[in-house]
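Below is one structure; the comments refer to it alone.
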Amino acid sequence: MIKGILSLILNLLILLIIFHAVASWFPSLRGSKLYQRVDGIVSPMLEPIRSVVKPINGLDFSPMILLFLLYLIKHLFRL
């Protein structure tokens with residue numbers, strides 16, 4: 001039961017991070033209310049990574065690093 005809930009939460013976070021990353025490429029989406037809500041959830045998780053790993057040539061690798069960490073958590077806890 002708890003594993004199922006944690007797995008669902010991690011899967012939702014993964015989807016939100018992917019949406020956030022893809023939507024950031026489209027200026028018209030960045031102004032939407034949906035993006036603003038997702039940004040409010042995802043950005044606090046990305047900021048600590050961004051403070052350590054700076055963008056390289058304009059590419060922000062923090063979403064990929066966060067996705068890797070979430071998949072690692074899922075694997076380690078077999079979720």
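Descriptive notes on the structure:
- Between the listed residues Ser7, Ser43, Ser24, the Cα displaced farthest toward the positive end of the dipole of the chain, a dipole computed from Cβ unit charges relative to the Cα centre, is found at Ser7.
- Packing-based order for 50-58, 24-32, using average beta carbon neighbours within 10 Å, highest first: 24-32, 50-58
- Table column - 3J(HN,Hα) (Hz), the stretch 5-16, Karplus curve with 6.51, -1.76, 1.60, x for Gly and Pro: 5, 5, 4, 4, 4, 5, 5, 5, 4, 4, 5, 5
Coordinate-derived values only; no laboratory data. Predicted model, so just to flag it, every value in this text is computed and none were measured. Counting neighbours? That spans all protein chains shown, and the Cβs are built from the backbone with ideal geometry, glycine included.
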